[in-house]
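No lab work stands behind these numbers, since they all come straight from the coordinates. In this text, all values refer to a predicted model and were calculated from it rather than measured experimentally. Heads up, the Cβs are rebuilt from the backbone with ideal geometry, glycines too, and the neighbour counts pull from every protein chain shown.
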Amino acid sequence: MNTLHDELIAAIRNIPDYPKPGIVFRDITTLLGNPRAFRRAVDELVHPYAGMGVGRVAGVEARGFILGGAMAHQLSCGFVPIRKKGKLPRETVRIAYSLEYGVDEMEVHKDALEPGDKVILVDDLIATGGTAVAAVNLLRQLGADIVAACFVIDLPDLGGRVKLEELGVEVRTLVAYEGH
C-alpha cells in the first residue's frame with residue numbers, strides 16, 4: 001500500500017513553465033479526479049479537527065471550494081465561500097491583498113458566520129501566503145476563531161506557511177515541493 005505522501009505526489013500533475021517560464025504549476029485537478037487520492041486527502045485534512053466543534057470551513061475560490069465543501073461535509077458543519085470581488089449577491093466584507101502582478105480583492109458575505117465561530121480555512125496550495133493571509137484577516141474581521149489553515153500543497157521556499165504561523169494560525173499541509 002502506498003503511503004499518503006506517495007499517493008498524493010503521484011496524483012498531482014506537474015506542468016512546467018506555467019504560468020511563466022521557470023515555474024512548475026502543481027495541478028490538483030488530477031488528484032480531484034482520482035477518487036482514492038481525493039478521499040485520502042480530505043480525510044487527512046479533516047482528521048485532526050474532528051470533534052473540535054468547528055462551525056464553518058471557509059474555502060478560497062476556486063479549488064478551495066471543492067476541498068472545503070468535502071471537508072465541511074465530513075465535519076458536519078457549514079461552508080463559507082471566499083470569492084473574488086463582485087461575485088457574491090448580498091452585503092459583503094472585502095479585503096485587498098497583493099499578488100505578484102498587482103492587487104486583488106476578495107470578499108465574504110457579512111453574515112457568513114457569527115463572532116467566535118471556529119473556522120478552518122482551506123485552499124489547494126500555500127505559496128507566498130498573500131491570499132491566505134488576506135483570507136485569515138478577512139475572516140477575523142467577522143470575528144472568526146481560525147482553528148487552522150489547511151492546504152494539500154506547501155511551497156515552503158516561498159514563505160507563506162511562516163507568515164500564517166506568525167499570525168498565530170496552525171498550518172496543515174499534506175505534501176511539500178522545494179522551489180516554486
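Values computed for the structure shown
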item	result
Among residues of segment 81-100, those that are more than 22 Å from GLY160 (Cα to Cα) and in contact (Cβ under 8 Å) with a residue 40 or more places away in the chain, counted	1
Residue count, segment 117-131 (criterion: touching an Asp or Glu at 6+ places or on another chain (Cβ under 6 Å) and surrounded by fewer than 22 Cβ atoms within 10 Å (Cβ to Cβ))	1
Which numbered condition ILE9 fails, given (1) over 19 Å from the mean Cα position of the chain (by Cα); (2) not in a strand (DSSP E or B)	(1)
Long-range neighbours under 9 Å by Cβ, at least six apart or interchain, first residue under 14 Å from LEU125 (Cα atoms) within segment 41-69, second of a type in the set (Ser, Thr, Tyr) and part of a helix (DSSP H, G or I)	VAL60/THR131; ARG63/THR29
Single residue of segment 28-46 satisfying the filter (among the small types (Gly, Ala, Ser) and within 18 Å of GLN74 (Cα to Cα)) that is surrounded by the most Cβ atoms within 10 Å (Cβ to Cβ)	ALA41
Answer from LEU142, LEU167, LEU158, LEU138 - the residue that is within 23 Å of ASP117 (Cα to Cα), among the aliphatic types (A, V, I, L, M) and surrounded by fewer than 19 Cβ atoms within 10 Å (Cβ to Cβ)	LEU167
